[in-house]
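I'd like to ask some things about the structure below.
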C-alpha cells in the first residue's frame with residue numbers, strides 16, 4: 001500500500017495550453033502499470049492545444065462546465081459527473097467555457113515512461129468561439 005498525502009499543484013505549460021490551467025499529477029506512467037492520471041483545472045476560456053493519445057483518453061469532469069472538440073467539428077458540452085472518451089489517435093482539445101471553470105480527471109494509458117500524448121498547435125480563438133456558439 002502507498003498513501004500519497006501531497007500532490008503539488010503546478011501551472012500547466014504555456015506551450016500546450018491557452019489561458020490559466022493547473023495540474024495535480026495523481027499517477028505518472030511507469031512500468032508495469034503505464035497509467036497516467038491528472039486532475040486538471042481550467043479557468044474560464046482556458047483550453048488545451050490540439051492533441052491525440054496513442055491509447056486514447058478518458059475525461060471525468062469533477063466540477064464546472066467544459067467543451068471537448070474534434071477535428072471533424074464535433075463539440076461536446078461536458079458537466080460535473082460526466083465522462084467523455086476519446087479514442088486512440090483522435091485529434092481533440094478540451095477546456096472550460098468562457099464563463100465557467102472546469103476541472104476533470106484526465107486518464108490515459110501510456111507506453112512505458114511516456115503518457116503517449118502527441119501535442120499539436122493551439123486551438124485558435126475562432127475555433128474556440130465557434131465551439132461556444134454551437135453549445136450555447
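The values are calculated or read from the model by the stated rules, or taken from the named source; none is laboratory data. Worth saying up front: this structure is predicted, and the values here are computed from it rather than measured. For neighbour counting, all protein chains shown are included, and Cβ atoms are generated from backbone atoms with ideal geometry for every residue, glycine included.
Can you report the number of residues in region 6-36 which are modelled with pLDDT of 95 or more and within 26 Å of residue 71 (Cβ to Cβ)?
Let us first name the residues in region 6-36 that are modelled with pLDDT of 95 or more, namely 9-24.
Filter again for within 26 Å of residue 71 (Cβ to Cβ), leaving 12-21, 23.
The total comes to 11.
Further question: For residue 105, indicate whether it is surrounded by fewer than 17 Cβ atoms within 10 Å (Cβ to Cβ), within 10 Å of the chain's Cα centre (by Cα), at pLDDT 95 or above and within 20 Å of residue 7 (Cα to Cα). Let's see the steps before the verdict.
Values: surrounded by fewer than 17 Cβ atoms within 10 Å (Cβ to Cβ): yes; within 10 Å of the chain's Cα centre (by Cα): yes; at pLDDT 95 or above: yes; within 20 Å of residue 7 (Cα to Cα): yes.
Here the answer is yes, as residue 105 does meet what is asked.
Also, I was wondering about something else. Taking region 19-40 on its own, how many of its residues are in a strand (DSSP E or B) and either more than 16 Å from the chain's Cα centre (by Cα) or farther than 21 Å from residue 116 by Cα (or both)? Walk me through it before giving the result.
As a first pass, look at region 19-40 and keep what is in a strand (DSSP E or B): 21-27, 35-40.
From what's left, either more than 16 Å from the chain's Cα centre (by Cα) or farther than 21 Å from residue 116 by Cα (or both): none.
Adding up the residues that qualify gives 0.
Then there is this: Would you confirm, using the coordinates I've provided, whether residue 69 is in contact with a helix residue (DSSP H, G or I) (Cβ under 6 Å, 6 or more places away or on another chain) and either in a strand (DSSP E or B) or surrounded by fewer than 19 Cβ atoms within 10 Å (Cβ to Cβ) (or both)? Steps first, answer last, please.
Working: in contact with a helix residue (DSSP H, G or I) (Cβ under 6 Å, 6 or more places away or on another chain): yes; either in a strand (DSSP E or B) or surrounded by fewer than 19 Cβ atoms within 10 Å (Cβ to Cβ) (or both): yes.
In short, yes.
Can you pull out every residue in region 14-57 that is closer than 20 Å to residue 120 by Cβ and surrounded by fewer than 18 Cβ atoms within 10 Å (Cβ to Cβ)?
Passing the criteria: 14, 15, 16, 19, 49, 54, 55, 56.
Kindly state which strands (runs of 3 or more DSSP E) lie completely within region 89-136 and contain at least 2 residues that are closer than 15 Å to residue 49 by Cα.
Details: elements: 92-96, 102-109, 117-119.
In region 89-136, the matching strands (runs of 3 or more DSSP E) lie at 92-96, 117-119.
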